Amino acid sequence: MFSEMAHNKALVMLVIIDIIVVINQNLSGVTLTYLFNDYFQNKTAMSIALVFNFTTVILVAPFAQIMVLKFGRKESATVALFCGAAMYGLMLIIHTHSPWIFLVGLFFGSLGAGVFNLMVWAFITDVIDAQEVISGEREDGIIYGVNSFARKLAQAIAGGIGGVILTMIGYQSSSQGGAVQSESVANHLYTLAAAIPTICCLGAALLMLGYPLTRDKGVANADELARRHEAQAGQTS
């Protein structure tokens, strides 16, 4: 069973992409806090940034079905991730000192990962169909469990990496708070806050190009399963 899943390219790639996107979301939550506290020094903008990082997916939700029907899940998520990477990359290049300009870039950049996060469980349904085509058995619970474990693993990885990165750039912590960071550290915080999502979104988008379940393939799998189920029903009646 597990060996068959290991040969399911769609499952393997989706798990890897999901890990990258979850690491990005969790690491961004950490870096944004320090960025707005120590670089922009604007707590109001920080609150808005954290909302953008985790809730822009709500704004995408009403349009998700339209995108899927017109372009397909893989196609929509791939374009969105590339657009997100481009927006974060632009923020990395301009290195703005305005928190409000950064917030605009963050808003549009986070929409890229938001589209994938919105569709991830629908991707899982496609993967389950693909697995049934391969093995002849429907393994919903196991596949959901594999992806859920991968997401938990990604959260743990992000939690560990966050502290290590801050130490590497020389961030000065204080038990009483109020530690003043050097200009170099503050600039490194900006670079991290823009570079991490740029790299993660770009990496996820490039992997999505190799994800095998295009819209046409998903329809073909659904038709094949419908044919098999109809044949099985005819045999038992």
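The values are calculated or read from the model by the stated rules, or taken from the named source; none is laboratory data. Predicted model only: the values in this text are computed from it and were never measured. Note that each Cβ is placed from the backbone with ideal geometry, even for glycine, and that neighbours are counted across all protein chains shown.
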>> If ASP129 meets every condition in (1) surrounded by 21 or more Cβ atoms within 10 Å (Cβ to Cβ); (2) modelled with pLDDT of 90 or more; (3) not β-branched (Val, Ile, Thr) apart from one, which number is that one?
In response: (1)
> Taking the stretch 27-64, which residues are surrounded by 20 or more Cβ atoms within 10 Å (Cβ to Cβ), within 20 Å of GLY159 (Cβ to Cβ) and not hydrophobic (A, V, I, L, M, F, W, C)?
Replying inline: SER28, THR31, TYR34, ASN53
> Considering only residues of the stretch 197-237 that are among the polar types (S, T, N, Q) and in a helix (DSSP H, G or I), which is surrounded by the fewest Cβ atoms within 10 Å (Cβ to Cβ)?
Replying inline: THR236
> Checking ALA194 against (1) over 20 Å from MET46 (Cβ atoms); (2) surrounded by 11 or more Cβ atoms within 10 Å (Cβ to Cβ), which test does it fail?
Replying inline: (1)
>> Need the failing condition index for HIS188 against (1) more than 15 Å from the chain's Cα centre (by Cα); (2) surrounded by 13 or more Cβ atoms within 10 Å (Cβ to Cβ); (3) in contact (Cβ under 8 Å) with a residue 60 or more places away in the chain, just the number.
In response: (3)
> Of these, LEU32, LEU14, which one is part of a helix (DSSP H, G or I), within 21 Å of PHE116 (Cα to Cα), over 16 Å from the mean Cα position of the chain (by Cα) and in contact (Cβ under 8 Å) with a residue 60 or more places away in the chain?
Replying inline: LEU32
>> Would you confirm, using the coordinates I've provided, whether LYS9 is closer than 24 Å to LEU153 by Cβ, buried (at least 17 other Cβ atoms within 10 Å of the Cβ) and of a type in the set (Lys, Arg)?
In response: no
> Do we have SER98 as modelled with pLDDT of 90 or more, surrounded by 18 or more Cβ atoms within 10 Å (Cβ to Cβ) and either more than 16 Å from LEU27 (Cα to Cα) or of a type outside the set (A, V, I, L, M, F, W, C) (or both) here?
Replying inline: no
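Here is a list: ALA179, ALA220. Which entry is of a type in the set (Gly, Ala, Ser), within 26 Å of GLU75 (Cα to Cα) and more than 23 Å from the chain's Cα centre (by Cα)?
ALA220 is the lone residue from the list that is of a type in the set (Gly, Ala, Ser), within 26 Å of GLU75 (Cα to Cα) and more than 23 Å from the chain's Cα centre (by Cα).
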